[in-house]
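The values are calculated or read from the model by the stated rules, or taken from the named source; none is laboratory data. Remember, it's a predicted structure, so these values are computed and weren't measured experimentally. Because the Cβ atoms are built from the backbone with ideal geometry, glycine has one as well, and the counts that use them run over all protein chains shown. To get the accessible areas, we keep the full protein, side chains included, count just its heavy atoms, and leave off ligands, DNA and RNA. Shrake-Rupley method; radii C 1.70, N 1.55, O 1.52, S 1.80 Å.
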Amino acid sequence: MEIIPAIDLIDGKCVRLTEGDFAQQTTYHSDPVEVAKQFEGLGLRRLHLVDLDGARAKQPVNLPVLARIARETSLHIDYGGGLQSSEAIQQAFDAGAQQITAGSIAVREPKTVQKWLKEYGADKIIVGADFKDNRIAINAWAEQSDLTLEAFLTSFSEKGAKTFICTDVSKDGKLQGSSLEIYQQLIAKFPTLQFIASGGVTTIEEVRQLREAGLHGAIIGKAIYEGTIKLEDLAKEVR
């Protein structure tokens, strides 16, 4: 299982939100590049980089930060937030992202994301399946769509998508545990897909449980910054 630390960006700084709420924001570090270097120094190889300014602006805002991290580390970066056009995706790849995450646009404009899957390949495009109460959440998690999680996954898997970041919005940033049972159900129902757990991962034991469940990856954010998971322990889980 891939261990994927997260950096969320607002005004070029490393922050975390609770339940995606911009009113519940904590700033952890003024220089996300230094945070990324710390991750790399401990042997971590992946980074989930989220442009929260971009998500609000509906276009990438923090590409210079992405470019600096890509230039100053060798981390494999997946980048999301505000990617609404082929031009924006190309900008992210040109700035150093190895993969991009298509979030709300995958719900609003599925044909656009299906085109990206064909154009760039399923290895380059991760589909973000943000959900709450089994319904897909959109617009920076401010709204719930009528689309069920399983229907969404089925639709995109039939169009070639293979990797999904599944974020339980109700768990995100609360440090109360992730939706392990839901992930287990998804893995059983869609055994050929790669699921990356996101939202609520709180302890190192939970990371091990997610691995045992068969998750492709686990994104860990607030638990690192609040210290409920020590980076040294996390580094030991990298294989």
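One table, with the values for the structure above:
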| item | result |
| --- | --- |
| Lone qualifier among Glu150, Glu87 - being of a type outside the set (Ser, Thr, Tyr), farther than 19 Å from Val50 by Cα and either modelled with pLDDT of 95 or more or not in a loop (DSSP other than H, G, I, E, B) (or both) | Glu150 |
| Counted residues, region 182-200 - those being open to solvent by less than 10 Å² (accessible area, probe 1.4 Å) and among the hydrophobic types (A, V, I, L, M, F, W, C) | 4 |
| Close pairs from region 213-236: first touching a residue at least 12 places away in the same chain (Cβ under 8 Å) and in a strand (DSSP E or B), partner open to solvent by 20 Å² or more (accessible area, probe 1.4 Å) and among the aliphatic types (A, V, I, L, M), Cβ under 8 Å, at least 6 apart | Gly217/Met1; Ala218/Met1 |
| Answer residue from region 103-116, given it is more than 13 Å from Ser155 (Cα to Cα) and modelled with pLDDT of 95 or more and is least open to solvent (accessible area, probe 1.4 Å) among those | Trp116 |
| Any chance Arg211 is open to solvent by less than 50 Å² (accessible area, probe 1.4 Å) and not hydrophobic (A, V, I, L, M, F, W, C) | yes |
